[in-house]
């Protein structure tokens, strides 16, 4: 008798029409199984971006969106500093920050930084992309000081600010994402949100071959756009959009008038090539 552990499980041997088979798990959750590590060669990435000051010109959806960020073309060590003295190894705020990104070969790397308040801490790992960062340890059990007490800035040695963690958030909120080498990404869901008193236009970009740093460069293109959104809109893609390794993804937004807050979340399934 053949036991099938999951309806999407690929068997190493074929089952003939005359074989008996028992399905042990008739119901499963693909996302849950992936995050539990039961689906090998996959990762499920949930990207969250927020811009608190969208205006009538397109801006990237991320914290500190009023400041322009350059995409890094060479891997460098990252400097981390807080605006608050309490974010330190013995303070009540963020004590340790974990940074996740890509190295010069576009492989995923992680580094932990022991905070030193308003003094800069320089890491030992070279990053060419920052994917996300979050508070790993803090000096206080309860909020609000259980997260970061000040704004935390992540800056490369020569290429400027690369990420920003707003006070009290405990994590970066940026729509920038990059697909590591050796993986393909599949965009499965996009959700955008803004206050109902403002119409906001959203557009999601992808640039292929982000690792090519001499002309001709990889071209960028819009893969999803949502116009005159008020409130919240979500799209679950029936046909996942493929994002090849070395691709950069980011979301932009603008208002019809005045300024507003804009938020975006999207989900990417990353699969080993």
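The values are calculated or read from the model by the stated rules, or taken from the named source; none is laboratory data. Only a predicted model underlies this, so the values are computations on that prediction, with no experimental measurement involved. Cβ coordinates were reconstructed from backbone atoms using ideal geometry, including for glycine residues, and neighbour counts include every protein chain displayed.
Quick grid of which residues meet (1) at pLDDT below 95; (2) touching a strand residue (DSSP E or B) at 6+ places or on another chain (Cβ under 8 Å); (3) farther than 26 Å from residue 209 by Cα:
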residue	(1), (2), (3)
52	yes, yes, yes
79	no, yes, yes
101	no, yes, no
112	no, yes, yes
116	no, yes, yes
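Out of region 224-250, which residues are over 18 Å from the mean Cα position of the chain (by Cα) and in a loop (DSSP other than H, G, I, E, B)?
230, the sole residue that qualifies.
Determine if region 32-45 includes at least one residue that is outside any loop (DSSP other than H, G, I, E, B) and under 30 Å from residue 199 (Cβ atoms).
Yes - at least one qualifying residue is present in region 32-45.
Would you check if there is a residue in region 213-224 being crowded, with 16+ Cβ neighbours inside 10 Å and farther than 22 Å from residue 102 by Cβ?
Yes: one or more hits.
Which of (1) over 22 Å from residue 211 (Cα atoms); (2) over 16 Å from the mean Cα position of the chain (by Cα); (3) at pLDDT 95 or above; (4) surrounded by fewer than 21 Cβ atoms within 10 Å (Cβ to Cβ) does residue 253 not meet, given it meets every other one?
(4)
Tally up the residues in region 199-216 that are more than 17 Å from residue 181 (Cα to Cα) and outside any strand (DSSP E or B), please.
Residues meeting the conditions: 4.
Just checking, does region 19-26 include any residue being at pLDDT below 95, loosely packed, with under 15 Cβ neighbours inside 10 Å and under 23 Å from residue 172 (Cα atoms)?
no
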